[in-house]
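Colleague: Sharing a structure, written as structure tokens. Questions coming.
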Amino acid sequence: MRWYPFHNPDWVTSLFPGCIWHKSRSEKKVYLTFDDGPQPDATAYVLELLDSYGMKATFFCVGDNVIKHPDLYDSILNGGHQTGNHTQHHLNSWKTNNKQYIKNVKLAESSIKSKLFRPPYGKLGLSTYNSLKN
């Protein structure tokens with residue numbers, strides 16, 4: 001089992017200025033996010049459940065899945081939810097050439113119209129981050 005810290009140390013977050021690490025901790029709010037979709041079974045179920053409670057969420061989508069399931073992607077948007085880029089093929093930044101990774105993120109942008117980005121596996125190298133923010 002891997003152990004993950006409850007929050008990132010300040011020195012890590014200082015290397016990535018402009019990134020959102022958390023929302024206000026003084027407000028009692030929950031922000032729901034989902035990764036890796038849209039997937040037919042899971043996404044349809046989650047959308048239905050969210051709708052039954054009148055809740056909204058952010059879906060970080062994989063570009064390849066958006067291409068495979070455009071109706072589900074449209075359902076996310078039509079339901080008033082937000083979307084974000086989760087790369088075209090769910091690549092791990094730490095195991096992928098920087099140029100290839102950036103190309104993959106840019107390819108996903110053609111399907112996912114959002115300024116939000118969440119790296120798969122929560123991993124993003126500093127040089128990749130600096131290339132993407134430009």
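Colleague: I want to verify a result. In a Gaussian network model of the chain, Cα cutoff 10 Å, which of these has the top mean-square fluctuation: PHE60, PHE117, PHE16?
Modeller: Of PHE60, PHE117, PHE16, the most mobile in the Gaussian network model is PHE16.
Colleague: Before I look further, what does the chain give for accessible area per residue, probe 1.4 Å, in whole square angstrom?
Modeller: Working: 9390 Å² over 134 residues.
On a per-residue basis, 70 Å².
Colleague: With n ≥ 4 as the cut-off for DSSP H runs, can you work out [θ] at 222 nm for the chain, using -39500 (n - 2.57) per run divided by the number of residues, rounded to the nearest 500?
Modeller: On the way: 6 runs with 55 residues, N = 134.
Result for the chain: -11500 deg cm²/dmol, rounded to the nearest 500.
Colleague: When the accessible area of the chain is split by element with a 1.4 Å probe, what percent falls to carbon and sulfur?
Modeller: The computed percentage sits at 56.
Colleague: Let me have the relative contact order for segment 53-131, percent, based on Cα pairs under 8 Å that are six or more residues apart.
Modeller: 35
Colleague: Hey, which lysines would be in cross-link range of LYS99, C-alpha to C-alpha under 22 Å, not counting anything within fewer than 8 residues on its own chain?
Modeller: Once the sequence-local lysines are set aside, what remains near LYS99 is LYS113, LYS115, LYS123, LYS133.
Colleague: Considering the options LEU116, GLY80, LEU132, tell which one lies farthest towards the positive end of the dipole of the chain, charges being +1 on Lys and Arg and -1 on Asp and Glu at the Cβ, about the Cα centre.
Modeller: Most positive-ward Cα: LEU132.
Colleague: Which residues in segment 66-81 place their backbone N less than 18 Å from a point set 7 Å from the Cα of ALA42 along the Cα-to-Cβ direction?
Modeller: 66-77
The values are calculated or read from the model by the stated rules, or taken from the named source; none is laboratory data. Everything numeric here is computed off the predicted structure, so don't read it as measured data. All Cβ positions, glycine included, derive from the backbone under ideal geometry; neighbour counts span all protein chains shown. In case anyone asks, the SASA skips ligands and DNA or RNA and just uses the protein heavy atoms, side chains included. Shrake-Rupley method; radii C 1.70, N 1.55, O 1.52, S 1.80 Å.
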